[in-house]
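See below for the structure under consideration.
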Amino acid sequence: MTAEEDRPRPEEAAASDSDEPVRRDDGLDLARALTRASARATPGQRVRKRARAQPPSRARVSGAHPDDRDPQPLDTTVGRLVEDHGWDVDLRVHGVFGRWGELVGEEVGAHSSPESFEDGRLVVRTDSTAWATQLRLLAPTLVRRLNEELGHGTVTLIVVQGPRGPSWKKGPRSVRDGRGPRDTYG
């Protein structure tokens, strides 16, 4: 016998101490043991155990009273969207753009139109220089009336611009700063 054969094997040592028959685990027993150990350690098992341990919360209980999970009216949902994005002032200003003639009067509204609004500055375009002069004189009254409609301090300045001059740009190959009609009269 060699030295390795003389040494007792661990199974034989355990058998000699407890006087029980020695049993070797074969592949099937090892697979069952691994499956049991992994089933106890899976995240799904832990979550299910935690879910059973916690009492049900009051927020998830359904009842007769309305809550956030119920279908919401469209005006409430749109109102919340406008508030979340800070579009409130922009929507009011564009509402003024749509009702311009009603707010400033039919005659003034027929000869002028709002073009843009930025940082409290409203730009208004008129269809003639005479109406531009008239609107400049009415500007303080218009600022007061618009602030009543939009909220105090929304409009701080009205910039009145006259009509745009005619464009002499005709076609894709025109000169950017050309002389206009003068170049043909000469």
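Worth pointing out:
- Positions within the stretch 111-134 being farther than 19 Å from VAL93 by Cα and not hydroxyl-bearing (Ser, Thr, Tyr), in sequence order: HIS111, ASP127, ALA130, TRP131, ALA132, GLN134
- Top-ranked residue in the stretch 157-181 [being of a type in the set (Val, Ile, Thr) and modelled with pLDDT of 90 or more; ranked as surrounded by the fewest Cβ atoms within 10 Å (Cβ to Cβ)]: VAL159
- A single entry from THR154, THR133 fulfils the requirement of being assigned to a loop (DSSP other than H, G, I, E, B) and surrounded by 11 or more Cβ atoms within 10 Å (Cβ to Cβ): THR154.
- Test: residue in the stretch 51-65 that is more than 30 Å from THR35 (Cα to Cα), among the basic types (Lys, Arg) and either surrounded by 10 or more Cβ atoms within 10 Å (Cβ to Cβ) or at pLDDT 85 or above (or both): no
- Qualifying residue in the stretch 66-89 (condition: of a type in the set (S, T, N, Q), modelled with pLDDT under 65 and loosely packed, with under 10 Cβ neighbours inside 10 Å): no
The values are calculated or read from the model by the stated rules, or taken from the named source; none is laboratory data. Small disclaimer: the values here were computed from a predicted structure and weren't measured. Here Cβ is always computed from backbone atoms with ideal geometry, including for glycine, and neighbour counts include all displayed protein chains.
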